[in-house]
Amino acid sequence: MAIVKPNNNTISAITALPAAITTGKVLQCITATDDTVRNTSSTSFVTASNTLSVDITPSATSSKIFVIASTVLRMDNHGAQGYITIYKDSTNLGNAAGLGNTYSDSGGALWTPSAISVLDSPSSTSELTYQVYLRTNNASIPVRVNQDSRGTITVMEIAGWL
């Protein structure tokens with residue numbers, strides 16, 4: 001296979017893509033934080049914190065939204081499991097087990113750093129809310145977030161392509 005030489009240049013002479021290619025640029029970046037310990041005993045996903053929530057209005061339907069959230073999940077009992085996920089409005093962007101989880105198989109408390117991310121293709125120019133949600137596998141054993149840590153959620157609008 002022959003090497004194609006754009007404009008009769010060597011490959012090493014190419015220093016930039018043509019200006020018309022606009023994909024991959026970060027158009028907006030919004031972050032929210034929460035320092036308060038939150039917990040739930042719900043076995044269904046519920047909001048972790050109203051402050052671990054970000055509203056964003058995409059500028060084009062072709063944009064992608066990259067969401068990153070981090071916190072510490074804490075479980076206090078043997079056999080307990082906590083789940084964390086990201087919702088877009090009322091839609092879970094993970095599955096029934098969320099996007100991350102922690103499991104305590106010992107008798108003591110377990111702190112687990114949790115960083116989750118998802119790339120969403122909303123095809124919308126309406127305002128969207130991205131928010132961290134939690135659940136536990138046992139209603140008598142709560143899951144906690146932000147225990148001795150700061151929770152964060154960051155959303156970035158990435159220019160898409162047509």
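Where a number appears in this text, it was derived from the coordinates with a stated rule and is not lab data. All values reported here derive from a predicted model rather than from experimental measurement. Here the Cβ is made from the backbone with ideal geometry for all residues, glycine too, and neighbour counts use every protein chain on show.
Measuring r between the beta carbons of Glu127 and Asp35 and using R0 = 35 Å, the FRET efficiency lands at 0.85.
Extents of the range 36-158, taken as max minus min of Cα coordinates on every principal axis and listed largest first, are 50, 25, 19 Å. With the simple model of a label 7 Å out from the Cα in the direction of the Cβ, Thr47 to Asp76 spans 2.4 nm.
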